[in-house]
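The values are calculated or read from the model by the stated rules, or taken from the named source; none is laboratory data. As the structure is a prediction and not an experimental result, all values here were calculated from the model. Note that we place each Cβ from the backbone using ideal geometry, even for glycine, and neighbour counts take in every protein chain shown.
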Amino acid sequence: MTANHQAARRVRLSTYLGTDGIAIIPTAPERQRNRDSDFLYRHDSYFYYLTGFTEPNAWLVLTSEGRATLFCAPKDLEREIWDGYRLGPEAAPAALGVDEAFAIEELDARLPRLLENRSTVWYPFATHKGLESRIDGWLSAVRARVRYGALCPEGQRDLCGPLDEMRLVKDAQEQDTMRRAAQISARAHIRAMQLSARMLREGKDVREYHLDAELLHEFRIGGSQYPAYSSIVAAGANACVLHYRADVAPVRDGELVLIDAGCELDGYASDITRTFPANGKFTGPQRALYELVLASQDAAIAATRAGQRFNDPHDATVKVLAQGMLDLGLLDANKVGSVDDVIEQRAYFPFYMHRTGHWLGMDVHDCGSYVEPTQVGEVSERKDPLSNEVIKNRPSRILKPGMVLTIEPGIYVRPGEGVPEQFHNIGIRIEDDAIVTETGCELISRGVPVKADEIEALMRP
């Protein structure tokens, strides 16, 4: 992304602010990990989207006239010896395309004057602890000047709304970055699969953390700055824990391994899940469940295209999984009825308890409403058959070209009454990243195989 790219976004955002509006956007704070050590820093996504600036301790102020003011850490040669290079306010306008920049120490003194005579102040609600209190303090300073003719903003609006809408549809540059992130992540999954089979063939002790290390290695070799989220590397029964994290559990011959991992590249996430036999060869029951999940993903992919609803891939997935659960004996038709009954009563829920996808972008669970904005007032009610909770339904989002989402069906079989023993402790999820197009979707994460035969071929010596 270039400074011109972010400048165009700021101009677009300014049109949402109304007459005499002003927006305040901070970046993320640094967070302490332990004594004298911070967590690896990661910028705030909204702030980065509008500035391309990755340093901590910075704020952006934008007016409805399109004027952008940056506050950032000043140059400090002594601190830069310890903490690294700082851009500084003198260089920021030319580097970032903002109109003016000041040292962060001037923020509290300058904000009240910037807020004076503005009608509405916009900022991201409920995203930065203490932000509301700081804004209240600046507004109090403005009110202290009303006797001198200053006007104080009367309205406060959530900036997340317009920014979420802007970020939901990715432009060509964003899509290209996400393709490259997915390619790096796909190579990482391949390395982990091959390492698992190779170490088992050599009689070595294989642990989840061995595979996690292989993922991290390939992420960094490929140029990624960070993992997009904490990698899930779940061997055997651990795959039935949805948010399990890579740990010390052994990877055993004859069991499956579920890896849900993706890198972040230049601020954009990837998110891929593959499930594979640790030794490179599926057993009969493993393959039966795997083929079912893959068939459900195929159905979801077919339902992912412009003009469809966000919920359509999930509904397509559930229909295939429900039928498969009946066919394989996970559900007893004498007890749960037909496929339609399974879906209506959510009888599939013990084995499939999550949605089939989510938005993907700068955040791995990216921003953007899942409700169609043009139909937000169309509300219906239904009673959930499992919780008896009354749920308000609104029409789900109509998919448009450039939206990016994951497609990730799964099945998780814990031991239980009536559950066929050959399926016990098998957890399978298959996840790909999809860019919506006019005629379908582009799967940008298929650099790692997904078909059972192709996975086995990949893992052979």
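None of Asn388, Asn425 is on the phi > 0 side of the Ramachandran plot and at pLDDT 95 or above except Asn425.
Touching a Cys at 6+ places or on another chain (Cβ under 9 Å) and either surrounded by fewer than 16 Cβ atoms within 10 Å (Cβ to Cβ) or over 25 Å from Ile301 (Cβ atoms) (or both): is that true of Arg382 in this structure? Criteria not met by Arg382.
Just one of Ala278, Ala228, Ala182 is more than 19 Å from Leu458 (Cα to Cα), out of contact with any Phe, Trp or Tyr (no Cβ under 8 Å at 6 or more places or on another chain) and assigned by TED's automatic domain parsing to the domain that holds Val450; which is it? Going through Ala278, Ala228, Ala182 in turn, the sole match is Ala228.
Residue count for segment 221-248 under the criterion of being over 17 Å from the mean Cα position of the chain (by Cα), surrounded by fewer than 19 Cβ atoms within 10 Å (Cβ to Cβ) and in a loop (DSSP other than H, G, I, E, B): the result is 5. For the list (1) modelled with pLDDT of 95 or more; (2) among the small types (Gly, Ala, Ser); (3) touching a helix residue (DSSP H, G or I) at 6+ places or on another chain (Cβ under 7 Å); (4) more than 26 Å from Tyr46 (Cα to Cα), I need the number of the one condition that Ala150 fails. For Ala150, the exception is condition (1). When each of Ser64, Ser140, Ser133, Ser119 is tested for being closer than 30 Å to Glu372 by Cβ and either at pLDDT below 95 or surrounded by fewer than 19 Cβ atoms within 10 Å (Cβ to Cβ) (or both), the lone residue that passes is Ser119.
The single condition among (1) in contact (Cβ under 8 Å) with a residue 60 or more places away in the chain; (2) within 21 Å of Val121 (Cβ to Cβ); (3) touching a helix residue (DSSP H, G or I) at 6+ places or on another chain (Cβ under 7 Å) that Asp20 does not satisfy is (3).
Residues of segment 256-281 being among the charged types (D, E, K, R) and part of a loop (DSSP other than H, G, I, E, B), which ones?
Step one: list which residues in segment 256-281 are among the charged types (D, E, K, R), which gives 260, 264, 266, 271, 274, 281.
Once the filter is applied, which keeps residues that are among the charged types (D, E, K, R) and part of a loop (DSSP other than H, G, I, E, B), segment 256-281 yields Asp266, Asp271, Lys281.
Could you check, for segment 51-61, whether at least one of its residues is at negative phi, in the same structural domain as Arg9 (by TED's automatic domain parsing) and assigned to a helix (DSSP H, G or I)?
There is at least one residue in segment 51-61 that is at negative phi, in the same structural domain as Arg9 (by TED's automatic domain parsing) and assigned to a helix (DSSP H, G or I).
Mind checking whether some residue in segment 389-400 is more than 17 Å from Val318 (Cα to Cα) and more than 27 Å from the chain's Cα centre (by Cα)? For segment 389-400, residues more than 17 Å from Val318 (Cα to Cα) and more than 27 Å from the chain's Cα centre (by Cα): present. With the checklist (1) surrounded by fewer than 16 Cβ atoms within 10 Å (Cβ to Cβ); (2) of a type in the set (Lys, Arg); (3) assigned to a strand (DSSP E or B) in hand, flag the one item Arg79 doesn't pass. Failed condition: (3).
Of the residues making up segment 62-80, those that are more than 15 Å from Asn4 (Cα to Cα) and either touching a strand residue (DSSP E or B) at 6+ places or on another chain (Cβ under 8 Å) or outside the structural domain of Pro26 (by TED's automatic domain parsing) (or both) number 9.
Every condition in (1) farther than 27 Å from Asn4 by Cα; (2) touching a residue at least 60 places away in the same chain (Cβ under 8 Å) holds for Asp83 except the one numbered (2). Of all residues in segment 326-350, which are crowded, with 16+ Cβ neighbours inside 10 Å, part of a helix (DSSP H, G or I) and without any contact (Cβ under 8 Å) to a residue 60 or more places away in the chain? Scanning segment 326-350 gives Leu326, Val336, Val339, Val342, Ile343.
Would you check if there is a residue in segment 33-40 being of a type in the set (Lys, Arg) and either closer than 16 Å to Leu111 by Cβ or in a loop (DSSP other than H, G, I, E, B) (or both)? There is at least one residue in segment 33-40 that is of a type in the set (Lys, Arg) and either closer than 16 Å to Leu111 by Cβ or in a loop (DSSP other than H, G, I, E, B) (or both).
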